[in-house]
1. How high is the relative contact order of the chain, in percent, counting Cα pairs under 8 Å that sit 6 or more residues apart?
2. Using Cα pairs closer than 8 Å and at least 6 residues apart in sequence, work out the relative contact order for the range 89-208, in percent.
3. Taking H as built 1.01 Å from N, whose amide H comes closer than 5 Å to the amide H of Asp207, not counting residues under 5 places away?
4. If I build a Gaussian network model for the chain, linking alpha-carbon pairs within less than 10 angstrom, which residue out of Val246, Val112, Val256 has the largest mean-square fluctuation?
5. Are there any trypsin sites (Lys or Arg not before Pro) in the range 179-219 that are in a DSSP loop and have at most 14 other Cβ atoms within 10 Å? List them by number.
6. Name the most mobile residue of Ala116, Ala60, Ala178, meaning the one with the largest mean-square fluctuation, in a Gaussian network model of the chain with Cα contacts below 10 Å.
7. In whole Å, what is the distance between the alpha-carbon centres of the range 123-173 and the range 23-65?
8. Could you run the Karplus curve 6.51 cos²θ - 1.76 cosθ + 1.60 with θ = phi - 60° over the range 183-194 and give me ³J(HN,Hα) per residue in whole Hz, x for Gly and Pro?
Amino acid sequence: MAQVIPLNAPLGARIEGLDRSQTLTPAVASLLDQALADHLLVVIPGSPMTPEQTRELSLAFGEPRPQLLRRKRANDVPEVSLMVSTLMDDGTTYKTVYRAEDWHTDDSYFEVPAKATLLHSIAIPSRGGSTWFCNMHSVYDALPEATKRRIDGKRAVHGYDTPRARNRPAPRTAQEIAETPDVEHPLVRTHPITGRKGLYLNPNRLDRIVGLPREESDALLDELTEEARKPKHHHGHVWALGDVVVWDNRATMHRVVNDYPHGEPRIMHRVLLKGERPA
Ligand code: OGA
Ligand code: MN
């Protein structure tokens, strides 16, 4: 039976003794999904898989759904995207790599954001390219009581783009634009499985706090983001080829470090798992 080994870190657990080539039993699937809610990040080591195998493993965590940008979907398995983050000298590197360099949670520009994201490494550079994770329960817990009172019950507007983000997002087709109007989410969210409160921040997409003048909203968002940038809330994953890494978008942020050698392929399968409306 698979074992859940918590990392010595603010979040994360490693799954040991799981044979990924076997179809998952319901008991193992629920062990994995519970480990995700408890530890917010799970790492399942193994060898590179086909898109179909990646899709099948993702079923342990819920229902996969195709991501917004059509051109990145793997042709035969639309729920699995091929995410190429190879850094190119000629500047053709896909833009999301630069976006992913700052802290973010995936998909918050949707009314019902993905509960989790699964990445599976198909090719990794010889060094660098770690992905860092931030525990948003511990960020919330660390806020001064006065700040917690200030944000209690507040809602915030998330959009596909905001001037607050460091880099501009990838372009969308007309259909994709129509599918991504601005949305509102609570600033503090309660995890639907564990009941823990977490700060629901996304510096890449979060434009403003509803009901506050722009200046005050910017200052408060900066203050909240500053707490989340503290290393005491973070853990970095150093990729091994074939790793499956799943994170809980409801209570974490993540970022990639773009410090790997140019021209060395960095390619991942990516699956988004259907979530629930933030509350
Ligand atoms: C993502 C993402 C980071 C990475 O897939 O959402 O942010 O390390 N990826 O590739
Ligand atoms: Mn991301």
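The values are calculated or read from the model by the stated rules, or taken from the named source; none is laboratory data. None of these values were measured; they are calculated from a predicted model. No Cβ is skipped: glycine too gets one built from the backbone with ideal geometry, and neighbour counts run over all protein chains shown. When the accessible area is computed, the model is the full protein with side chains, heavy atoms only, and any ligands, DNA or RNA have been set aside. Shrake-Rupley method; radii C 1.70, N 1.55, O 1.52, S 1.80 Å.
1. Worked out over the chain, it gives 35 percent.
2. Result for the range 89-208 is 38 percent.
3. Long-range HN contacts for Asp207: Val157, His158, Gly159.
4. Maximum among the listed residues: Val112.
5. Listed in order of number, the matching sites amount to none.
6. Ranking Ala116, Ala60, Ala178 by mean-square fluctuation puts Ala178 first.
7. Between the Cα centre of the range 123-173 and that of the range 23-65, the gap is 24 Å.
8. 9, 10, 9, x, 6, 10, 10, 9, 5, x, 9, 9
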